[in-house]
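**Q** Before anything else, here's the structure in question.
The values are calculated or read from the model by the stated rules, or taken from the named source; none is laboratory data. Everything numeric here is computed off the predicted structure, so don't read it as measured data. As a convention, Cβ positions derive from the backbone with ideal geometry for all residues, glycine included, and neighbour counts pool all protein chains shown.
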Amino acid sequence: MNGIAVNEKNHLVFAGADVTELAKEFGTPLYVMDEGRIRENMRLYRRSIEKFYGGKGLVCYASKAFSCKEIYRIAKEEGIGADAVSAGELYTAIQAGFDPVNICYHGNNKTDRELAYLLESGVGRIVADAYDELDRLDELAGKMGKKPGILLRLCPGVEAHTHEFIRTGGIDSKFGFAIELGDAMKAVRLALSKPNLQLRGIHCHIGSQIFDSDPFEHTAEIMLHFLDEVRKETGVLLPELNLGGGFGIRYTEEDTPKPYDGYMEQVSRKVGQVCAELEMEQPFILLEPGRSIVGEAGITLYEIGSIKEIPGIRTYVAVDGGMTDNIRPVLYGAKYDFLLANKMNLPPARKVTVAGRCCESGDVLGKDILLPECGRGDLLAVLSTGAYHYSMASNYNRVPRPAVVMVRDGQARLAVRRESLEDLARNDI
Ligand code: LLP
């Protein structure tokens, strides 16, 4: 994994910082993010649009992967947009000084209050997901004297090979209008009939943690053919195509991600070819990568506590975090690489089960993990936890959420403070 090294003390070094020092200074569990890597990834996507698609596009970082003020500041500095999916994400972005014009806003069930907030804030693109949302948004926009830019979320009917919980492009989905059922065309007609909406294009997102670029190319083809149909049926050529996110990262050696600019290269070629066939101007393209920008740029540090050996069965190594800071093993059966961060010179000794500290037997971060001899007070690092970890953390068992630290060239600074016990009881009456 990039950004990882070992120093003369046999300590893990991440983003240029000795992680044992970070644990001492900021406590554990701790999320550590490599800012340089995040910036590189954002640049890679931005430049790939410039290089392969003449700059006619916008990368919108899918902030559900990791949302806090600092990441929106970084995205702004790197000249990319953001994808938001809740008033909370939008509010955080605005508080960080992010321009809402560069936000693409999603959601399959937006409330009237939420829609009013989007209109008030001047969000650049609202991705409409249901007929009644178009009705409500048009009415509200009329009352508020606004004319928001709209994309329609479509189901292209592509089944990507990934976990069923994060697969979203097929017909049987709570999201969007299916092309093959005729819903998508109906939604286009409805949106075009609305005086207070400016229909700019279509959106899709076929799933997440996908390695193969074929489904993305295939999806682009389906979406372009749909734009052509719209042009033929309504006389309107919609100028924008949002292809979503979903590019896979490496959690363990089983995962084989490809360079992310290669994706844009292939999709650009496909778009060019299909548009030439259809004699259609190439659309403005939006991409929404989340995991691939922050995922491998983050690790989590835990302190090892109790060790329980059950002879002939297994050894449990318990850490001071667990499902509250990483729900993914429980939710998706996700697998990770683990490192004994303060004793990187020790050889692997035995297979253990890394357990969390929650009152729940299923609270396990990894089964049959090969670790060196270890004991209370040792530091365990879990790799590739930058996406969908902090953002999916909970207060189950009234456990405070960990702090997040950004490290740049070895210098660490707090991005999110650790929650205190007072924070936990703050809203209790
Ligand atoms: N755009 C839309 C509309 C999305 O729904 C998503 C992810 C993305 C972009 C970003 O996808 P990415 O590039 O991060 O794969 N909690 C799950 C992932 C759920 C993703 C939901 N939508 C996990 O921990 O794996």
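**Q** Test of understanding: among Met323, Met344, which residue is within 16 Å of the ligand (Cβ to nearest atom) and either of a type in the set (Phe, Trp, Tyr) or assigned by TED's automatic domain parsing to the domain that holds Leu30 (or both)?
**A** Met323
**Q** Identify the residue in the range 197-237 that is within 17 Å of Asp129 (Cα to Cα) and assigned to a loop (DSSP other than H, G, I, E, B) and, among all such residues, is farthest from the ligand (Cβ to nearest atom).
**A** Taking the candidates together, the pick is Leu197.
**Q** Any residue that is small (Gly, Ala, Ser), surrounded by 20 or more Cβ atoms within 10 Å (Cβ to Cβ) and either more than 15 Å from Leu383 (Cβ to Cβ) or outside the structural domain of Gly88 (by TED's automatic domain parsing) (or both) - is there at least one of those in the range 4-18? It would help to see each step written out before you state the result.
**A** Initial filter on the range 4-18 (small (Gly, Ala, Ser)): 5, 15-17.
Applying the additional criterion that residues be surrounded by 20 or more Cβ atoms within 10 Å (Cβ to Cβ) yields 15, 17.
Now drop any that are not either more than 15 Å from Leu383 (Cβ to Cβ) or outside the structural domain of Gly88 (by TED's automatic domain parsing) (or both), which leaves 15, 17.
The answer is yes; a qualifying residue exists.
**Q** Sticking with this one: Restricting the range 24-43 to residues that are within 16 Å of the chain's Cα centre (by Cα) and aliphatic (A, V, I, L, M), which is farthest from Tyr388 (Cα to Cα)?
**A** Across the range 24-43, the extreme among qualifying residues is Met42.
**Q** Pick from Gly356, Gly298, Gly322: which is modelled with pLDDT of 95 or more, within 21 Å of Ile80 (Cα to Cα) and surrounded by 16 or more Cβ atoms within 10 Å (Cβ to Cβ)?
**A** Gly298
**Q** Given the structure, is Thr252 within 15 Å of the ligand (Cβ to nearest atom) and part of a strand (DSSP E or B)?
**A** Working: within 15 Å of the ligand (Cβ to nearest atom): yes; part of a strand (DSSP E or B): no.
No.
**Q** Quick one: would you say Phe247 is more than 16 Å from the ligand (Cβ to nearest atom) and either under 22 Å from Met42 (Cβ atoms) or not hydroxyl-bearing (Ser, Thr, Tyr) (or both)?
**A** Considered against the rule, which asks whether it is more than 16 Å from the ligand (Cβ to nearest atom) and either under 22 Å from Met42 (Cβ atoms) or not hydroxyl-bearing (Ser, Thr, Tyr) (or both), Phe247 comes out as no.
**Q** Still on this structure: I need the full set of residues from the range 66-92 which are assigned to a helix (DSSP H, G or I), over 20 Å from Ala403 (Cβ atoms), under 18 Å from the mean Cα position of the chain (by Cα) and away from the ligand (no atom under 15 Å from the Cβ), in order please.
**A** Lys76, Ala87, Tyr91 - these are the residues of the range 66-92 that are assigned to a helix (DSSP H, G or I), over 20 Å from Ala403 (Cβ atoms), under 18 Å from the mean Cα position of the chain (by Cα) and away from the ligand (no atom under 15 Å from the Cβ).
**Q** Within the range 359-393, how many residues are part of a helix (DSSP H, G or I) and surrounded by 22 or more Cβ atoms within 10 Å (Cβ to Cβ)?
**A** Matching residues across the range 359-393 total 1.
**Q** Ala334 fails exactly one of the following numbered conditions: (1) among the hydrophobic types (A, V, I, L, M, F, W, C); (2) in contact (Cβ under 8 Å) with a residue 12 or more places away in the chain; (3) more than 16 Å from the ligand (Cβ to nearest atom). What is the number of that condition?
**A** Unmet for Ala334, out of (1) among the hydrophobic types (A, V, I, L, M, F, W, C); (2) in contact (Cβ under 8 Å) with a residue 12 or more places away in the chain; (3) more than 16 Å from the ligand (Cβ to nearest atom): (3).
**Q** If you check every pair at least six apart or on different chains, which have Cβ atoms under 7 Å apart with a residue in the range 272-294 that is among the small types (Gly, Ala, Ser) first and a residue that is away from the ligand (no atom under 16 Å from the Cβ) second?
**A** Gly272/Gln282
**Q** If you don't mind, there's one more thing I want to ask. Which condition from (1) within 16 Å of the ligand (Cβ to nearest atom); (2) among the basic types (Lys, Arg); (3) touching a Gly at 6+ places or on another chain (Cβ under 8 Å) is the one that Arg328 breaks?
**A** (3)
**Q** Return yes or no: is Asp129 over 30 Å from Val330 (Cβ atoms) and at pLDDT 95 or above?
**A** When the stated conditions are applied, Asp129 does not pass them.
**Q** Is it true that some residue in the range 47-56 is under 20 Å from Arg250 (Cα atoms) and either surrounded by 18 or more Cβ atoms within 10 Å (Cβ to Cβ) or over 16 Å from the mean Cα position of the chain (by Cα) (or both)?
**A** Looking for residues that are under 20 Å from Arg250 (Cα atoms) and either surrounded by 18 or more Cβ atoms within 10 Å (Cβ to Cβ) or over 16 Å from the mean Cα position of the chain (by Cα) (or both), one finds none in the range 47-56, hence no.
**Q** Scan the range 113-134 for residues that are under 15 Å from Ala191 (Cβ atoms) and either in contact (Cβ under 8 Å) with a residue 12 or more places away in the chain or in a strand (DSSP E or B) (or both) and jot them down.
**A** We begin by selecting, within the range 113-134, every residue under 15 Å from Ala191 (Cβ atoms); these are 115, 125-134.
Matches in the range 113-134: Leu115, Arg125, Ile126, Val127, Ala128, Asp129, Ala130, Tyr131, Glu133, Leu134.
**Q** Separate question: Could you say which residue among Ala116, Ala141 is at pLDDT 95 or above and surrounded by fewer than 22 Cβ atoms within 10 Å (Cβ to Cβ)?
**A** Ala116
**Q** May I pose another question? Looking at the range 266-289, is at least one residue within 15 Å of the ligand (Cβ to nearest atom) and assigned to a helix (DSSP H, G or I)?
**A** yes
**Q** When you go through Glu240, Glu229 one by one, which is the residue that is out of contact with any helix residue (DSSP H, G or I) (no Cβ under 9 Å at 6 or more places or on another chain) and either crowded, with 24+ Cβ neighbours inside 10 Å or more than 23 Å from Glu35 (Cα to Cα) (or both)?
**A** Details: Glu229 fails: out of contact with any helix residue (DSSP H, G or I) (no Cβ under 9 Å at 6 or more places or on another chain).
Matching residue, one of Glu240, Glu229: Glu240.
**Q** Return yes when Met33 is assigned to a strand (DSSP E or B) and either modelled with pLDDT of 95 or more or touching an Asp or Glu at 6+ places or on another chain (Cβ under 7 Å) (or both) and no when it is not.
**A** Judged against the criteria, Met33 is a match.
**Q** Name every residue in the range 23-65 that is within 16 Å of the ligand (Cβ to nearest atom) and basic (Lys, Arg), in order of residue number.
**A** Arg37, Arg46, Lys64, listed by residue number.
**Q** For the range 249-267, which residues satisfy the criterion of being under 28 Å from Ala184 (Cα atoms) and crowded, with 19+ Cβ neighbours inside 10 Å?
**A** Correct list: Tyr263, Met264, Val267.
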